[in-house]
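Everything below concerns the one structure shown next.
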Amino acid sequence: MGLEGQLTGTFVGTRLSDALNWARKYSLFQYPFVTACCGMEFMATACSHYDISRFGAEIPRFSPRQADLLFVVGTVSHKLAPVLRKVYDQMCDPKWVVAFGACASSGGFYDNYCTVQGIDTIIPVDVYIPGCPPRPEQVLDALMMLQEKIQAEPLEKQA
Amino acid sequence: MSEILIETEGGDLDSAPMNLQMGPSHPAMHGTIKMRVKLDGEIVQKTEVEVGYLHRGFEKSCESVTWSQVMPYTDRLNYVSPLCNNVGYCMAVEKLIGVRATERCEYIRIIMAESSRICDHLTCVGASAMELGGFTAFLYAIEAREELWRLTETVTGARLTHSYCRIGGLKDDLPVDFLPNYRVVEKKVRSLVADMHALLDRNRIFLDRMKDVGSMTAERALQWGFTGPVLRSTGSDYDVRKASPYMLYDRFDFEVPVGTKGDNYDRYLVRMEEIEQSFRIIDQCLKQMKPGPVNLEDGRLLLPPKDEVYGSIEGTIAHFKIIMDGIQVPPGEVYSYTEAGNGELGFYLVSTGEGRPYKCRVRPPCWSLMQGLHELLEGYQIADIVPTFGSVNMIGGECDR
Amino acid sequence: MLLLIALTLLKIVAIVLVFVMVVATLMTWADRKQSALIQDRIGPNRANIGNVRAAGLVHILADALKTLFKEDFVPRDANSALFGIAPFLAFVPALLSFAVIPVGDTWCPDGQIAVQNFRDVCLAGEPQSYFQISSMGAGLLCIFAIVSLGVYGSSIGGWASNNKYALIGGVRVSAQMVSYEVTMGLTLVGLLMIYQSVDLNEMVRAQGELLWGFVPKWGIIVQPLSFVLFFTAAIAETKRPPFDIPEAESELGAGYFIEYSAMRFALFTLSEYVASVLVAMMVTTLFLGGWQVPWLYGDGFHNPFTGELALALPYAVVKLIQVGAFCFKTILLCWFQLMIRWTLPRFRYDQLMRLGWKVILPLSLANVLITAVWLLWIDSPK
Amino acid sequence: MSKNVLERLQARFADQVEETHSNQGDDTAYVKRDKLVELLTFLRDDAELAFNLPVDLTVVDWYQKREPRFEVVYHLYSTTKKHRVRLKVRVDEDDARVPSSFPVWPGFDWFEREAWDLYGVRFEGHPNHTRIMMWEGFEGHPLRKDYPINKRQPLTTLLGEQK
């Protein structure tokens, strides 16, 4: 917007950035890019026992334009990689990415001809969740880490 | 896909079908299926299903690891019912070697496989209800599944990807308090399933969406190679557990539910009834099984006990050989088949007598279901794709491997 | 004159900006909390300002602030002018309709009233309509006229996005809204025949009368079938589940607003919630007696059987109770809509059309006939 | 009963069946590819065989181990007679083609496409002979033994890579 540059470092700028980051971290509309096994645990996280909605992150938007958080859940093959890239490009700023599970983070034990060795070779990733598949507790932990990360973001990054 | 299918009669309005691309990242496509749909208004004229987005090189990976190390890969085939795959693979290798697991081991395998099947059906029914907008039934299904997972976790140590079976045995016997725990879980799950029945069975909107949608005849379903609940909903009673009983399935009294029309509602009912039958089988297992060894006394297949590994040189060597070289499987080929959540799950193994599979082919039931899927969709409406696809229960890991 | 303008502005602020917008925003929160309640979850509760969490209410603030500062994106191939204007076309008519809904009865200067025929009659001076932004005679028709404009926003938005999913959504919107408008209007004809007026305030006043001497003559009692049909059709008109086929998440992603982001997306969703509030208010006004409280008139509670004043209340207090009753009924109906939303699966397109044209429409015609017969022969005044 | 299948097949197609065995209880017949469609149709239509369920089709690659290099493996099942059979067709690398069984059972449609995609065996007469697991433009057939396991052919530009 242009204003950020002038406001950076000033009192108003910091307050504004704090307020914005606060709003963003508690209003994470997610785009679930669910492909494989991790999707089962992803379901479990969203459902009654673990209830991701407590963090304000339960609303799935299946249109990337309306989502803030891209959950890449499961293995991404080279055939699917362009799709993932496209979904990421279609998302509106500010946006964050969570690599859910070992396959999304590093390719997992599928070290072969067709599997992308971690989605961070295609798109930038903010939080990695280990595990094959990760337990719901880990997912919630990752979400809280992401919230901390969002809160600490400086204003000029938000343009 | 560009030719125009509808001829406008009378020529009053110019209309052309619309080509719509659904997926792979589409809420109803489970993330790994792409459909090119040709629409005449809301009616689906033609669909082309494209798969392969979750191809993870199962076979190639299996060929590069030892026979036992294939186990985790099989977990991730049908990740909604991993234990069925574990059991299927172990049976195939055992058939190739020419051994049979102990009786107690087979009972436990059946118990775990059937509980996996319940999870599979619950997920399928719940997810298809959710995609119709019936959120509450979905939540009940997942809650029931969660209970079963927690029980399975006490047995296998993992919630979802268990790798519980071993060639010639199991990771471990059932824990001592399994029976009381199981009774508690069974009660909860049964009551949740009853709630689902209450929510869905007579729900007018649900019935309207499911009945007479996506139907197929038994004959046609067989031609496409359909198996499992989808085939049974058409009226054919082919169930591997009954048709050619493996393990101890000939000892149980259970029924194979069949439908009549092969529409979505039949598939839903067949799945719900199979949950009931699985409970029956588990009950009979728990009654019939007797204490005994779960693993074969065979040093070629199973790792020696840990104190032997640390305490004796023979044990250390045996352990080292099995871990490093793998189990030595005699040369040959075998096709072994089991009834998994979605139908006949076959393993076609080829061994050249080395410690690694020369070929480890899996016959996924979903693959056949997907190639015939377009016949279930064409002629219905675009909104019908959702429940039909949901009730077929495509599992990406199994379909694309 | 200046005073009048100031007063109108005040009413707009009080009714639309304060009441409607607050209820609509609260509905977004209630939606999430209600679903959590039904599904045995907790629902959003983590957002906090200082130590205040207010059971997740602060999440609304977070959502609003985030949406304001999200990137506003217009697709390259979209018709940018129409694309930009569509959310406002959807949002503004929804808000406009509130202009004619009476939140309370007219105000008599100095509180000098008498109760005649179950109505307050002013003894001194002109009655002032403080509780209605615009007290026009054709209030009901005005609402229908304005509401039918709402379809333009959604279908233009669907078309201008240049996206096939949005287009399907837009087509569905227009079909659904046009057909349900017809049925919605027809279901009310019976009511109009009974009240013999399209002035909303007059209709509410008529509901203060008593049937057989003690039952308030509310719309839901004299026209129960019409109530069910109208409520159904009206929910269908808001595009909320189970009638949300234009946005059907599982098949169309997000339907006609799939390409919208940030504030424009928020406007579309908010206009649906506003429409829900409108439905609640209309049903309240037409069927639940509007601001009426049973047996309460300008001077206090009356004994329903003898008709005598049982509990005298100051005029201002009576007005306050009536406005409160209106708000309470509206909120109750909003909540009821949420219950429906979270318990029923979604219709299919053709089933929805069939419901509208083959079930509700004939039933409402039958209702008109029965009412006419009743009024003409059985309940005729002579 | 199970011997019956092989005997019947041999009796009818004596010149087509090269050898048979029943190791581990799986009836197996090696057949020639010349009259494969006719043979499969016989298996399907014969009243006593009645193989109505196409179960599986795959390829075994005997790279540098056996000649000819490929074996196309069919698994069939009959739900009425409850018996199974495995057919194997040997094909050479230079001439890796088999007549398509799609006209007999549509259920082998994708199995054949998969076999072409991953092993490079052509199925002549298949109506839609395209890749299915991999994408158009993928080079080679990944399940062949001479395809390295981690030879990747990315479709998108990877981050930090110039292209």
Using a 7 Å offset from the Cα along the Cα-to-Cβ direction at both C:Met136 and D:Asn128, what is the distance between the two label points in nm, to one decimal? 5.7
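Could you give the size of the charge dipole of the range B:99-199 about its Cα centre, using +1 on the Cβ of each K and R and -1 on the Cβ of each D and E, expressed in debye and rounded to the nearest 20?
Details: 13 positive and 14 negative charges, 41 e Å.
The calculation lands at about 200 debye.
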Whole percent per 5 Å bin, from 0 to the bin with the longest distance: what is P(r) over all C-alpha pairs of the range D:1-95? 3, 13, 25, 27, 18, 9, 4, 1, 0
Spin-label zone in the range C:147-168 - amide nitrogen under 18 Å from a point set 7 Å from the Cα of C:Leu192 along the C-beta vector: C:147-149
Tell me, what is the FRET efficiency for C:Val22 and B:Val184 to the nearest 0.05, using R0 = 56 angstrom and their Cβ-Cβ distance as r? 0.75
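Over the range B:51-399, calculate the relative contact order: mean separation of alpha carbon pairs under 8 Å at least 6 apart, over the residue count, as a percent. Write down the numbers at each step before the final one.
On the way: 621 pairs, mean separation 91.2, N = 349.
Relative contact order comes out at 26 percent.
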Expressed as a whole number of Å, what is the distance separating the alpha-carbon centroids of the range B:333-379 and the range B:251-330? 19
Ordered by residue, what ³J(HN,Hα) values in Hz, to whole numbers, does the range B:331-342 give under the Karplus form 6.51 cos²θ - 1.76 cosθ + 1.60, where θ = phi - 60° and Gly and Pro are x? x, x, 9, 8, 10, 10, 10, 9, 9, 9, x, 9
Amide H contacts of C:Phe301 (H built 1.01 Å from N, under 5 Å, at least 5 apart or other chain): C:Ala310, C:Leu311, C:Leu313
B:Glu219 label point, 7 Å along Cα→Cβ, cut-off 20 Å on backbone N: hits in the range B:333-376? B:372-376
Of A:Met145, C:Gly324, C:Ser364, which is farthest on the positive side of the dipole of the protein assembly as shown, counting Cα position, with +1 on Lys and Arg Cβ, -1 on Asp and Glu Cβ, and the Cα centre as origin? C:Gly324
The set of residues whose placed amide H lies less than 5 Å from the amide H of A:Thr115, leaving out same-chain residues fewer than 5 positions away, is A:His78
Consider just the alpha-carbon atoms of the range A:28-151 and return their Rg together with their Dmax, both in angstrom. 13.2, 40
Angle in degrees between helix C:2-12 and the longest Cα principal axis of chain C, rounded to the nearest 10: 60
With unit charges on the beta carbons (Lys and Arg positive, Asp and Glu negative) and the dipole taken about the Cα centre of the protein assembly as shown, which residue among C:Gln132, C:Leu149, B:Leu96 sits farthest to the positive side? C:Gln132
Whole-number value, in Å³ per residue, for the convex hull of the alpha carbons of the range B:93-230 is 142
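When all alpha-carbon pairs of the protein assembly as shown are counted, what percent fall beyond 40 Å? Could you put the intermediate results ahead of the total?
Working: 313310 of 609960 pairs.
Distances greater than 40 Å cover 51 percent of the Cα pairs.
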Run through all the Cα pairs of chain C and give the fraction in each 20 Å bin from 0, expressed as whole percent. 26, 55, 19, 1
So which cysteines in chain C don't have a second cysteine's C-beta under 4.7 Å from them? C:Cys142, C:Cys327, C:Cys334
Between B:Met18 and C:Phe144, what is the label-point separation in nm under the 7 Å Cα-to-beta-carbon projection? 3.0
Would you tell me the accessible area of C:Lys164, worked out with a 1.4 angstrom probe on the heavy atoms of the protein chains, in Å² to the nearest 10? 90
Quickly estimate the mean residue ellipticity at 222 nm for the protein assembly as shown, helices only: each DSSP H run with n ≥ 4 gives -39500 (n - 2.57), and the total goes over all residues, rounded to 500. -14000 deg cm²/dmol
Hey, in the GNM for chain B with a 10 angstrom Cα cutoff, which one of B:Glu42, B:Glu273, B:Glu147 fluctuates hardest? B:Glu42
A correct Kirkwood calculation over the Cα atoms of the range B:51-399 returns a hydrodynamic radius in Å of 20.8
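Pull out a ≥ b ≥ c, the square roots of the eigenvalues of the alpha-carbon gyration tensor of the range B:255-366, then state rounded if a/c is under 1.5, prolate if not and a/b is larger than b/c, and oblate in the remaining case. Please report the intermediate quantities before stating the final value.
On the way: a/c = 3.95, a/b = 1.77, b/c = 2.23.
Oblate, because a/c is 1.5 or more while a/b does not exceed b/c.
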Could you work out how far apart the two model spin labels at B:Leu286 and D:Asp92 are, taking each label as a point 7 Å from the Cα in the direction of the beta carbon, and quote it in nm? 6.3
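Stokes-Einstein at 20 °C, 1.002 mPa s, Kirkwood radius from Cα pairs: D for the range D:59-113 in µm² s⁻¹? Mind dumping the intermediate values first?
On the way: Rh = 12.6 Å.
Roughly 170 µm²/s, to the nearest whole number.
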Once amide H atoms are placed 1.01 Å from N in the peptide plane, what residues at a sequence separation of 5 or more from B:Leu302, or on another chain, have their amide H within under 5 Å of its amide H? none
Enumerate the calculated ³J(HN,Hα) couplings along the range C:309-319 in order (Karplus 6.51 cos²θ - 1.76 cosθ + 1.60, θ = phi - 60°), each rounded to whole Hz, writing x wherever the residue is Gly or Pro. 5, 9, 9, 7, 10, x, 4, 5, 5, 4, 4
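Between C:Leu4 and C:Gln116, how high is the FRET efficiency from 1/(1 + (r/R0)^6) when r is the Cβ-Cβ distance and R₀ = 35 Å? Nearest 0.05. Walk me through the numbers before you get to the answer.
Values: r = 29 Å, r/R0 = 0.82.
Given R0 = 35 Å and the Cβ-Cβ separation, E is 0.75.
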Förster radius 60 Å - calculated FRET efficiency between C:Ala55 and C:Leu210, Cβ distance, rounded to 0.05: 0.90
Farthest positive-ward along chain C dipole, Cα basis, beta-carbon charges - from C:Leu229, C:Gly300, C:Ile5: C:Leu229
Sketch the reach of a paramagnetic label on D:Glu67 as a point 7 Å from Cα along Cα-to-Cβ, and name the residues of the range D:88-116 whose backbone nitrogen lies under 16 Å away. D:90-96
Gap in Å between the Cα centre of the range A:54-82 and the Cα centre of the range C:286-358? 42
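If you put +1 on each Lys and Arg Cβ and -1 on each Asp and Glu Cβ, how big is the dipole of the protein assembly as shown around its Cα centre, in Debye rounded to 20?
Values: 107 positive and 126 negative charges, 219 e Å.
Result for the protein assembly as shown is approximately 1060 debye, rounded to the nearest 20.
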Measuring from centroid to centroid over Cα atoms, what is the spacing of the range B:121-168 and the range C:74-151 in Å? 52
Through the Karplus equation 6.51 cos²θ - 1.76 cosθ + 1.60, θ set to phi - 60°, convert the phi angles of the range C:334-343 into ³J(HN,Hα) values in whole Hz; use x for Gly and Pro. 4, 5, 4, 5, 5, 4, 4, 4, 8, 10
Lys, Arg +1 and Asp, Glu -1 on Cβ, resulting dipole of the range B:51-399 about Cα centre, debye, nearest 20: 200
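The values are calculated or read from the model by the stated rules, or taken from the named source; none is laboratory data. Computed from a predicted model, the values in this text were never measured in an experiment. Cβ atoms come from the backbone with ideal geometry, glycine included; neighbour counts cover every protein chain shown. What goes into the accessible areas is simple: the full protein's heavy atoms, side chains included, and nothing from ligands, DNA or RNA. Shrake-Rupley method; radii C 1.70, N 1.55, O 1.52, S 1.80 Å.
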